Amino acid sequence: MDGSLALYGGSFNPIHIGHLIVARAVGEHLQISRLILIPCATPPHKRIDQLADAAERLEMVRQAVADEPLFEVSDIELNRRGPSYTLLTVEAFRESIGPDTPLYWIIGADTLPELHTWYRVEELVEACSMITVARPGYAEPDLAPLSKLLTSAQIQRLRDNILTTPWIDVSATDIRKRLREGRSIRYLVPDEVHSYIDTNGLYRKP
């Protein structure tokens, strides 16, 4: 390992086994030293009324990875006002680790077609290496909308950094739906997260 750093941002609403399995797969593939999970406070592309409190989501992530030496958790986006723009987070970590340390940002395959809507994406793809995690058999989407913002070389780097990871058909949306319907989420989230959700009565209201 070379001191490289991967950042994995998301709403984690809640964090589940799919997030963790994908994160480990990326860590092993890139042979990184540290992987930091970053719950966002105000995601620019999601409805806030569907989110659990940011502090609760942060605590669930902390409990989920408490015994994992590869994983760390950062509250950087919870401590910053305004939308949780990825570029600002990447810039903060880049400043702390210096210009020469490899820095990665992990996104899901469903996010890649939306990348042209991200804040200052042309700067973001230069500030870090964007790693797209995809299921086996994933069909690359049309990246033509990015051609108005990125160079052909930048788009090619995005294509080259699509990483096939295990197919884990678990979603936070389905977990929240199961909870509203009174169904079990055992085995879908870490036991610590399951206990936290039960203790605090999260995601029960429609």
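Structure summary
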{"item": "Of the criteria (1) of a type in the set (Gly, Ala, Ser); (2) in contact with a Ser or Thr (Cβ under 7 Å, 6 or more places away or on another chain); (3) in a helix (DSSP H, G or I), which one Ser147 fails", "result": "(2)"}
{"item": "Selection count where residues are touching a residue at least 12 places away in the same chain (Cβ under 8 Å), more than 14 Å from Arg135 (Cα to Cα) and out of contact with any His (no Cβ under 7 Å at 6 or more places or on another chain), scope segment 149-172", "result": "6"}
{"item": "Selected residue [surrounded by 18 or more Cβ atoms within 10 Å (Cβ to Cβ) and either within 11 Å of Tyr8 (Cβ to Cβ) or of a type in the set (Asp, Glu) (or both)] from Leu58, Leu37", "result": "Leu37"}
{"item": "Residue within segment 140-154 that is closer than 20 Å to Leu7 by Cα and in contact with a Gly (Cβ under 9 Å, 6 or more places away or on another chain) present", "result": "no"}
{"item": "The one condition in (1) more than 20 Å from Ile168 (Cα to Cα); (2) buried (at least 21 other Cβ atoms within 10 Å of the Cβ); (3) in contact with a Gly (Cβ under 8 Å, 6 or more places away or on another chain) that Leu115 fails to fulfil", "result": "(3)"}
{"item": "Failed item in (1) small (Gly, Ala, Ser); (2) surrounded by 15 or more Cβ atoms within 10 Å (Cβ to Cβ); (3) in a loop (DSSP other than H, G, I, E, B); (4) at pLDDT 95 or above, with Ser84 passing the rest", "result": "(4)"}
{"item": "Set Ile76, Ile107, Ile32, Ile38: member being at pLDDT 95 or above, aliphatic (A, V, I, L, M) and either more than 17 Å from Cys128 (Cβ to Cβ) or not in a strand (DSSP E or B) (or both)", "result": "Ile76"}
{"item": "Among (1) crowded, with 19+ Cβ neighbours inside 10 Å; (2) at pLDDT 95 or above - the single one Thr165 does not satisfy", "result": "(2)"}
{"item": "Residue in segment 121-136 that is over 22 Å from Ser11 (Cα atoms), free of Cβ contacts under 8 Å to residues at least 40 places away in the same chain and not charged (D, E, K, R) present", "result": "yes"}
{"item": "Residue match in segment 61-69 (condition: of a type in the set (A, V, I, L, M) and assigned to a loop (DSSP other than H, G, I, E, B))", "result": "yes"}
{"item": "Among (1) free of Cβ contacts under 8 Å to residues at least 40 places away in the same chain; (2) farther than 18 Å from His19 by Cβ; (3) in contact with a Leu (Cβ under 8 Å, 6 or more places away or on another chain) - the single one Leu179 does not satisfy", "result": "(2)"}
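The values are calculated or read from the model by the stated rules, or taken from the named source; none is laboratory data. Everything quoted here is computed from the prediction, not taken from an experiment. Virtual Cβ from ideal backbone geometry, glycine too; neighbours counted across all protein chains shown.
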